[in-house]
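Asks: One structure, pasted below without further comment.
The values are calculated or read from the model by the stated rules, or taken from the named source; none is laboratory data. Remember, predicted model here, so these are calculated numbers, not experimental data. Backbone-built Cβ (ideal geometry, glycine too); neighbour counts: all protein chains shown. All accessible areas refer to the heavy atoms of the entire protein, side chains included, with ligands and DNA or RNA removed. Shrake-Rupley method; radii C 1.70, N 1.55, O 1.52, S 1.80 Å.
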Amino acid sequence: MAKELAKNYAPERFEDRIYAAWMEKGCFHAEIDRSKKPYTIVIPPPNITGQLHMGHALDETLQDILIRWKRMSGYCTLWLPGTDHAAIATEAKIVAAMREEGLTKEGIGREAFMERAWAWKKTYGGRIVEQLKKLGSSCDWQRERFTLDEGCSRAVKDVFVRYYEKGLIYRGERIINWCPQCLTSLSDAEVNYEEQAGHFWHLRYQIKDSDEYIELATTRPETLLGDTAVAVHPEDKRYQHLIGATVILPIVHREIPVVADEYVEMDFGTGVVKITPAHDPNDFEVGRRHKLEIINVMTEDARITDDHPKYAGMDRYEARKAIVADLEAEGALVRIEEHTHNVGTCYRCGTTVEPRVSTQWFVKMQPLAGPAIEAVKQGKTKFVPERFDKIYYHWLENIRDWCISRQIWWGHQIPAFYCDDCGEMVVTREDTAVCPKCGKPMRQDPDTLDTWFSSALWPFSTLGFPDQTEELDYFYPTNTLVTGYDIIFFWVIRMMFSALENTGQVPFDTVLIHGLVRDAQGRKMSKSLGNGIDPLEVIRQYGADALRFMLATGNAPGNDMRYIDAKVKAARNFANKLWNASRFILMNLPDDFRFEGLPEQLAMEDKWLISRFNRLTKEVDDNLNAFELGVACTKLYDFIWDVFCDWYIELTKPRIQAGGESKATAQAVLVWAMQGILKLLHPFMPFITEEIWQVLTADGSMIMLQPYPVYDAKLNFAQEEADLEKIIAAVRAVRNTRTELNVPPSVKAKLYIETAEEALFAGAAPFFEKLASASSVEVGAKFDMPDAVGAVTDAARIFIPMEQLVDKEKELARLAKEQEKVQKDIDFLSRKLNNAGFLAKAPEALVQAEKEKLAKAQEKMDKIQQTIRSFS
RNA sequence: GGAAGCUUAGCUCAGCUGGGAGAGCGUCUGCCCUACAAGCAGAGGGUCAUAGGUUCGAGCCCUAUAGCUUCCACCA
């Protein structure tokens with residue numbers, strides 16, 4: 001025990017060193033061990049473009065707590081890490097970097113672009129991984145994967161081909177969400193709707209060969225160029241006579257029909273809708289029903305096409321202005337209303353999405369959604385908290401086909417090949433294809449897959465799928481998936497149906513959902529607001545353990561939390577408390593100390609502590625099993641600070657000063673308890689517990705590989721617990737009384753303790769001297785001390801003779817107040833115990849406990865009354 | 001339009017299957033007692049949003065109402 005801990009808790013001095021030691025010893029690596037039960041978590045792969053933010057920090061912390069706890073509990077634990085290629089986000093970054101050099105994608109070509117992209121991945125892709133390590137994440141880095149690596153790519157290709165062969169994937173012309181900035185299609189999940197202030201332009205179209213006009217309202221007048229009909233509700237009396245008529249489209253002066261369609265709401269606007277099948281999803285559907293022409297008026301970057309020379313090249317918003325002006329000039333503009341409406345925006349760049357008709361690949365969702373719903377209904381996968389299953393069902397029940405093709409290069413290229421000669425298409429796992437009809441080499445589809453297509457396979461593609469590997473057999477299905485509620489749609493749902501379809505099993509048994517980490521004012525942390533807190537900065541300042549503990553404490557599953565500096569500080573202070581408690585233990589140990597288990601002869605306070613610790617192990621384990629990590633943190637905090645430091649350590653001081661056999665016992669119990677505490681706390685605060693463990697044990701062992709403490713019925717000491725609680729209550733009563741009378745701790749006084757349990761209190765004399773400023777203690781069955789101050793508990797009357805301080809009036813008033821309080825207790829308890837319903841229906845144990853409480857209150861009342869009488 | 005969550009001490013939040021309201025920070029009082037002032041000892045502070053209901057018993061369960069937040073849908 002030669003080594004000492006540094007004087008102050010300074011996490012920066014050991015966190016990196018300890019992480020390196022874990023890595024060097026291979027503590028995180030999981031080898032298949034059939035003698036153990038597996039426990040597997042796959043990391044939600046962070047984007048290679050990303051920097052660690054508070055959301056990751058929370059996510060990783062929760063996973064690491066679970067993994068470390070299970071590892072210590074004897075499971076063969078695998079936490080499989082990796083990163084996501086983040087198709088659109090990464091491509092955008094690379095394109096932007098190229099623009100700085102005056103280069104474009106098209107300019108350098110696909111191959112050169114991919115080379116750059118991989119180089120970029122090499123440079124920046126590891127950044128986030130290094131940041132995860134700072135948090136203490138015990139991932140099996142030997143198994144680190146990347147969604148675009150060879151294995152994952154093979155799984156993607158395999159699944160694509162399989163889906164295609166089963167008819168679950170098809171290619172077709174549809175209206176999809178298009179981002180004019182990213183220049184690619186987006187899935188429904190990738191569009192965010194934002195409320196925007198806009199206008200409602202009321203226009204009038206002339207009926208052909210008539211003086212009559214029909215009035216309609218639109219939020220997007222520029223799409224008028226592509227109008228191919230005007231629609232009214234079939235039952236709308238106002239417009240019955242116009243159904244089938246022809247109207248003249250202003251500006252363009254094209255003739256278009258008036259159609260009847262139930263999609264039109266009679267009460268909204270004028271009950272007339274202009275139909276632009278090429279630029280609105282609803283209009284597209286109307287157009288299909290009425291076989292309307294689709295006239296695309298915009299380029300892929302949302303400018304007007306050359307078909308309309310007057311507006312050609314103008315972007316959507318310029319064209320809108322110009323067209324409104326022309327409408328006005330033509331007398332077609334009736335009026336303009338203010339109007340707020342929801343506008344779809346790209347989840348990556350925020351640009352307003354442009355609905356666009358194009359040929360894309362889709363996954364047919366109906367057949368896949370059913371089994372995914374069923375699996376959760378049958379409880380094969382459970383959400384924690386449960387309420388998120390409603391969101392899950394709702395989304396799956398209303399799901400539309402998933403657009404999976406993207407017009408970008410960074411990603412898994414679609415394994416479909418076309419013959420430019422005869423138009424033949426082949427979908428294959430091979431890298432090249434020859435036309436089966438004309439024997440010519442085929443051209444691969446230039447598009448790539450939605451980045452979520454590959455993440456959807458993550459729980460099994462990372463374990464070797466499509467091969468039936470040992471890993472897949474042993475570690476799959478995985479156990480817990482930890483993620484934020486914001487990506488249930490993107491990811492959780494897609495993993496569910498992909499796993500069920502491809503592996504026949506659910507991908508995980510539990511989905512632990514957490515909320516967002518918001519700023520101190522409750523706002524979402526965002527780049528644009530600049531209110532993000534950098535976890536690495538917090539780690540530099542307070543240590544990773546403090547950040548982890550803060551994130552895990554008081555954070556209930558599924559609920560958002562705020563990042564508040566004071567909370568991290570509190571966690572850091574807690575670490576400091578633990579640090580100093582360890583220092584206290586170490587500085588009192590002899591150099592040749594060797595811990596050899598708990599001694600035979602234990603003092604009352606030792607048994608009290610052991611018993612309480614034993615119960616704590618059960619509670620923490622129960623909480624962890626129920627995913628109540630925050631509750632477990634609170635219990636650990638309270639036990640370590642209040643029970644262990646404020647009481648037990650203080651209670652050992654008299655023995656440590658006295659020396660001898662009783663000192664040796666105290667030392668052993670201190671070491672035993674500290675080791676237990678460290679183990680129990682390790683999943684939450686891995687660094688500090690490891691550092692202290694190594695100094696304390698000095699045997700080269702690692703705490704992260706120790707068994708997690710478990711409840712042991714032999715360590716249950718109810719009698720000693722109850723006895724010591726009496727002493728504690730008496731110490732508190734004395735302290736309380738002294739404080740109320742403003743007696744400083746330096747003024748010592750003799751205590752006369754009147755009690756029926758003389759032996760118990762006599763034995764506790766040193767505690768009163770140490771903890772209650774007693775100069776000495778006398779214990780007896782009866783004292784008569786009218787000139788003293790009295791502290792009363794249910795087990796004892798304690799007199800403190802302090803002539804100069806005794807003010808009879810004040811003293812009586814104080815006792816009267818105390819009496820009132822106890823009387824309230826008695827009233828409450830008697831009322832309860834006189835209630836026939838309570839006696840009849842409440843559990844027996846509770847009734848018994850209430851009776852005991854009443855008896856204690858009555859004991860205390862007697863003693864107060866006696867004291868009042870003797871003082872009067 | 002549909003759904004979910006939240007409303008508890010001045011602030012930020014816990015409160016597990018219903019059994020006399022908790023923590024951290026802040027406030028007030030007294031303490032450098034050789035582990036820790038990043039600390040110790042004490043104190044004050046709450047009709048648990050409102051109104052009903054179920055129950056022997058409700059912060060917790062049920063119903064309605066109000067306010068805040070979020071998600072989904074997307075009526076041009």
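Asks: What is the distance in Å between the Cα centres of the range A:47-111 and the range A:215-241?
Replies: 47
Asks: Please compute the modelled spin-label separation between A:R13 and A:A836, points set 7 Å along Cα→Cβ, answer in nm with one decimal.
Replies: 7.1
Asks: Sort the following peptides by mean Cβ neighbour count (other Cβ atoms within 10 Å, averaged over residues), highest first: A:784-796, A:163-175.
Replies: Sorting A:784-796, A:163-175 by mean packing, highest first, produces A:784-796, A:163-175.
Asks: Ignoring everything but the protein chains, give the 1.4 Å probe accessible area of A:K36 in square angstrom, nearest 10.
Replies: Here the accessible area works out near 90 Å².
Asks: Roughly how many nanometres apart are two label points built 7 Å out from the Cα toward the Cβ at A:A816 and A:A312?
Replies: In this crude label model, A:A816 to A:A312 measures out at 10.1 nm.
Asks: How much length is gained if the chain between A:K851 and A:E338 is pulled fully straight, taking 0.36 nm per residue apart and subtracting their Cα-Cα distance, in nm to one decimal?
Replies: So the extension gain works out to 177.6 nm.
Asks: Per 0.36 nm of contour for each residue apart, how much would the distance between A:I32 and A:K569 grow if the chain were fully extended, relative to their Cα-Cα spacing?
Replies: 189.3 nm
Asks: Output the peptides A:494-501, A:147-154, A:302-309 sorted from most to least packed, where packing is the average of other Cβ atoms within 10 Å over each peptide's residues. Walk me through the numbers before you get to the answer.
Replies: Working: A:494-501: 24.8, A:147-154: 19.0, A:302-309: 16.4.
Most protected by this proxy first, the peptides run A:494-501, A:147-154, A:302-309.
Asks: A follow-up question, please. Using a Förster radius of 30 Å, what is the FRET efficiency between A:E596 and A:V710 based on their Cβ-Cβ separation? Nearest 0.05, please.
Replies: Calculated transfer efficiency: 0.90.
Asks: Note the per residue figure in Å³ for the convex hull of the C-alpha positions in the range A:470-615.
Replies: 234
Asks: Another question, if that's okay. Starting from the Kirkwood radius over alpha-carbon pairs of the range A:145-286, derive D by Stokes-Einstein at 25 °C in a medium of 0.890 mPa s and give it in µm² s⁻¹.
Replies: For these conditions, the coefficient is 134 µm²/s.
Asks: Here's another thing I want to ask about it. Which residues does the label zone of A:A197 cover in the range A:342-366, counting backbone N under 18 Å from a point 7 Å along Cα→Cβ?
Replies: Under cut-off, by backbone N: A:342-343.
Asks: Here is a further query. Would you compute, from DSSP H runs of 4+ residues alone, the mean residue ellipticity of chain A at 222 nm, taking -39500 (n - 2.57) per run and dividing by the full residue count, rounded to the nearest 500?
Replies: Numbers: 28 runs with 369 residues, N = 872.
For chain A, the value works out to -13500 deg cm²/dmol.
Asks: Still on this structure, I have one more. Could you give me the radius of gyration and the Dmax of the range A:461-545, taking only the C-alpha atoms into account and expressing both in angstrom?
Replies: Using the Cα atoms of the range A:461-545, the pair Rg, Dmax is 17.9, 50 Å.
Asks: Using a simple spin-label model with points 7 Å from Cα along the Cα→Cβ vector, what separation in nm is obtained for A:A20 and A:K437?
Replies: The answer from the label model is 6.5 nm.
Asks: Express the carbon and sulfur contribution to the solvent-accessible surface of chain A as a percent, rounded to the nearest whole number, probe 1.4 angstrom.
Replies: 49
Asks: For the range A:90-197, how big is the tail of P(r) above 20 Å, as a whole percent of Cα pairs?
Replies: Working: 3786 of 5778 pairs.
Taking all Cα-Cα pairs of the range A:90-197, the fraction more than 20 Å apart is 66 percent.
Asks: Between their Cα atoms, which of A:K770/A:K810; A:K37/A:K377; A:K364/A:K390; A:K607/A:K635; A:K7/A:K122 are more than 31 Å away from each other?
Replies: With Cα atoms farther than 31 Å apart: A:K7/A:K122.
Asks: Here's a follow-up. Where Lys and Arg each count +1 and Asp and Glu each count -1, what net charge lies around A:A816 among other residues with Cβ under 15 Å from its Cβ?
Replies: +3
Asks: Leaving out ligands and nucleic acids, note down the accessible area per residue over chain A with a 1.4 angstrom probe, in whole Å².
Replies: Heavy-atom SASA per residue in chain A reads 44 Å².
Asks: In addition: For chain A, calculate the relative contact order in percent as a whole number, restricting contacts to Cα pairs under 8 Å that are 6 or more residues apart.
Replies: 13
Asks: Then there's this: Calculate log10 I(q)/I(0) of chain A for q = 0.05, 0.09, 0.10, 0.11 Å⁻¹, where I(q) comes from the Debye formula with a single equal point scatterer on each Cα and nothing for solvent.
Replies: Here log10 of I(q) over I(0) equals -0.45, -1.00, -1.14, -1.28.
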